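**Student:** The structure's right below; bear with me while I get my questions together.
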Amino acid sequence: MDPDPIEDFCIADLTRNGGTLSCNYGFPCKPLSQVTSEDFVFSGLTKPGNTTNLFGSAVTPGSVDFFPAVNTLGLSANRVDFAPGGILPPHSHPRATELITIIHGKVLIGIITSNNQVFSRVVEKGEVFIVPRGLLHFQYNVGKNKARTYTVFNSQKPGIINTPISLFASLPLIPDEVLVKSYMLDTNLVQVIRDKFAPAK
Ligand code: GLV
Ligand code: MN
């Protein structure tokens, strides 16, 4: 739910302004005289991401930082690939509702509401699942084969808070005691989990 556009479009010039948003509205526009049809096409979602990682999943982003044409238009898309058994762990997008389309495979998708209620279902090819803005959600490939989804957001920059990484591999790290007390963990377990993320950092 980004602000409404005030021009037909505004292809982001990511090189100006130090590559940061010029205001809460968007990036500065590339001059119209330099805009071509190519600017409206993004090929970044055509190839599968590398799922050889701790979670067996790969998010290929299509937010404004990667696809400058969505600047000021209030939407963007990701591609998510899953190895068999791969998971996209519980995460949330602070600035967007998300529509997940299953391209192939069988994916268990779940949302967790602010009342701690869970709504989940195995979603199959061609079906879509809606994730309301800000809610924790997960995607888990429960099929025997690879799976692929496309996710569309009503924000050019939805943001992501990926709970395992946010909590156990933040920069700087949050104090171990916070995690020990919050999750009632043995002290050494926090380090065991942190060590798994270390090579990925
Ligand atoms: C999927 O949930 C994604 O955030 O792309
Ligand atoms: Mn998501």
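Readers should treat all values here as calculations from the given coordinates under stated rules, not as data from a laboratory. Please read all numbers here as calculations on a predicted model, not as lab measurements. Because the Cβ atoms are built from the backbone with ideal geometry, glycine has one as well, and the counts that use them run over all protein chains shown.
**Student:** Can you tell me which residues in region 99-154 are over 15 Å from residue 83 (Cα atoms), within 15 Å of ligand 2 (Cβ to nearest atom) and basic (Lys, Arg)?
**Tutor:** Correct list: 133 only.
**Student:** Residues to consider are 83, 69, 96; find the one that is within 16 Å of ligand 2 (Cβ to nearest atom) and within 19 Å of the chain's Cα centre (by Cα). Break it down into steps so the answer makes sense when it comes.
**Tutor:** Details: 83 fails: within 16 Å of ligand 2 (Cβ to nearest atom); 69 fails: within 16 Å of ligand 2 (Cβ to nearest atom).
Testing whether each residue is within 16 Å of ligand 2 (Cβ to nearest atom) and within 19 Å of the chain's Cα centre (by Cα) leaves just 96.
**Student:** Taking interchain pairs and intrachain pairs at least six residues apart, which have beta carbon atoms under 7 angstrom, with the first residue in region 94-106 and touching a residue at least 12 places away in the same chain (Cβ under 8 Å) and of a type in the set (S, T, N, Q) and the second part of a strand (DSSP E or B) and away from ligand 2 (no atom under 12 Å from the Cβ)?
**Tutor:** Hits for this filter: 101/128.
**Student:** Does residue 9 satisfy being within 18 Å of the chain's Cα centre (by Cα), of a type in the set (Phe, Trp, Tyr) and on the phi < 0 side of the Ramachandran plot?
**Tutor:** Numbers: within 18 Å of the chain's Cα centre (by Cα): no; of a type in the set (Phe, Trp, Tyr): yes; on the phi < 0 side of the Ramachandran plot: yes.
So residue 9 does not fit the description; no.
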